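Student: I'd like to ask you about the structure that follows.
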Amino acid sequence: MPHTKLIVTIPEETWIHGVSTAHPDVEFTVVATLAGETTGIALLECTASNGSEVLVDIERREDVTDLDLLWTHDDELLLQVETEAPVLLTPVWRTGVLPQTPFVVRDGEVTWELTTTSGRLSRLGDRLADAEIRFDIEYVRTFGTDFASHLLTDRQRQLVLAAFERGYYATPRTATLTEVAESVGISKATASDTLHRAEGRIIDWFIGEHVTNDGEGNRPLD
């Protein structure tokens, strides 16, 4: 099963291409996405000294149907953006490939890391090509028996193992998140975030490995 890193050139007609190229020094971190046939929603973070200008530029985009500023502090912003033309997300949605989140958009390009089956990866490439979306493959790695060592970072693997050994995943639980965090010398908030990201990667792998796709967005279980 391949793990792939793609650098995708965002289509010029999309709002995120226009805004990110107008502010090339601003890094947009996409926390979550949701896409359908005619609607795409993105939850994203950015740090910008000219945050008000970024917001104005997003609002001016014709393909943006809704913009909510959810949180701001100093130069940091958390935004939810809805668009009526999810050009970039549609190929992903149709092939059932799940880019690992968060992923980064900067200066008209998005970096995606994907862990999926060869069939899904091939279909995604075809969909991107059909939509005339350019992309470069930075690497493709095939995981074998040491797959777990690549799936999680060292810190994530350490914490997942600590949580498992102390019974955090047992039913009923025999350890709290606070106890797990203390056992490895980190804060509860850091432990929660690290476990959440690790669990997300494990679920991404499971879905990619065990959910089939007919090429049109229907994903029945085997």
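The values are calculated or read from the model by the stated rules, or taken from the named source; none is laboratory data. Source: prediction; values computed, not measured. No Cβ is skipped: glycine too gets one built from the backbone with ideal geometry, and neighbour counts run over all protein chains shown. These area figures cover heavy atoms from the full protein model, side chains too; ligands, DNA and RNA do not enter into them. Shrake-Rupley method; radii C 1.70, N 1.55, O 1.52, S 1.80 Å.
Student: So, residue 79, is that one surrounded by 20 or more Cβ atoms within 10 Å (Cβ to Cβ), under 16 Å from the mean Cα position of the chain (by Cα) and at pLDDT 90 or above or not?
Tutor: For residue 79, the condition - surrounded by 20 or more Cβ atoms within 10 Å (Cβ to Cβ), under 16 Å from the mean Cα position of the chain (by Cα) and at pLDDT 90 or above - is met.
Student: Check 17, 23 and return the single one that is open to solvent by less than 60 Å² (accessible area, probe 1.4 Å), over 30 Å from residue 151 (Cβ atoms) and under 19 Å from the mean Cα position of the chain (by Cα).
Tutor: Answer to the selection: 17.
Student: Could I ask something else about it? Within the stretch 95-112, can one find any residue that is farther than 23 Å from residue 37 by Cβ, open to solvent by 40 Å² or more (accessible area, probe 1.4 Å) and over 15 Å from the mean Cα position of the chain (by Cα)?
Tutor: Yes, there is a match, as at least one residue in the stretch 95-112 is farther than 23 Å from residue 37 by Cβ, open to solvent by 40 Å² or more (accessible area, probe 1.4 Å) and over 15 Å from the mean Cα position of the chain (by Cα).
Student: Counting only residues that are in contact with a Phe, Trp or Tyr (Cβ under 7 Å, 6 or more places away or on another chain) and of a type in the set (A, V, I, L, M), how many does the stretch 33-76 have?
Tutor: Matching residues across the stretch 33-76 total 4.
Student: Is at least one residue of the stretch 143-152 over 28 Å from residue 35 (Cα atoms), open to solvent by 60 Å² or more (accessible area, probe 1.4 Å) and touching a strand residue (DSSP E or B) at 6+ places or on another chain (Cβ under 7 Å)?
Tutor: yes
Student: Follow-up. So which strands (runs of 3 or more DSSP E) stay within the stretch 1-77 end to end and still have 2 or more residues that are free of Cβ contacts under 8 Å to residues at least 40 places away in the same chain?
Tutor: It comes to 40-47, 64-73.
Student: Follow-up. Please work out which one of (1) at pLDDT 95 or above; (2) open to solvent by 40 Å² or more (accessible area, probe 1.4 Å) is the condition residue 54 fails and give its number.
Tutor: Only one criterion is unmet by residue 54, namely (2).
Student: Something else: May I ask you to list pairs of residues, at least six apart or on different chains, whose Cβ atoms are under 6 Å apart, with the first in the stretch 85-113 being of a type in the set (A, V, I, L, M) and the second being surrounded by fewer than 19 Cβ atoms within 10 Å (Cβ to Cβ)?
Tutor: 85/63; 87/11; 104/27; 104/29; 104/111
Student: If residue 122 meets every condition in (1) open to solvent by 10 Å² or more (accessible area, probe 1.4 Å); (2) closer than 17 Å to residue 30 by Cα apart from one, which number is that one?
Tutor: (2)
Student: Follow-up question, since we're still on this one. What's the number of the only condition in (1) assigned to a loop (DSSP other than H, G, I, E, B); (2) at pLDDT 90 or above; (3) loosely packed, with under 12 Cβ neighbours inside 10 Å that residue 136 fails to meet?
Tutor: (1)
Student: If I ask for residues that are loosely packed, with under 15 Cβ neighbours inside 10 Å, touching a helix residue (DSSP H, G or I) at 6+ places or on another chain (Cβ under 9 Å) and part of a loop (DSSP other than H, G, I, E, B), which ones from the stretch 177-190 would you list?
Tutor: If the condition is that a residue be loosely packed, with under 15 Cβ neighbours inside 10 Å, touching a helix residue (DSSP H, G or I) at 6+ places or on another chain (Cβ under 9 Å) and part of a loop (DSSP other than H, G, I, E, B), then 187 is the only one that fits.
Student: Report yes if some residue within the stretch 59-73 is hydrophobic (A, V, I, L, M, F, W, C), within 17 Å of residue 5 (Cβ to Cβ) and surrounded by 19 or more Cβ atoms within 10 Å (Cβ to Cβ); otherwise report no.
Tutor: Checking the stretch 59-73: not a single residue is hydrophobic (A, V, I, L, M, F, W, C), within 17 Å of residue 5 (Cβ to Cβ) and surrounded by 19 or more Cβ atoms within 10 Å (Cβ to Cβ).
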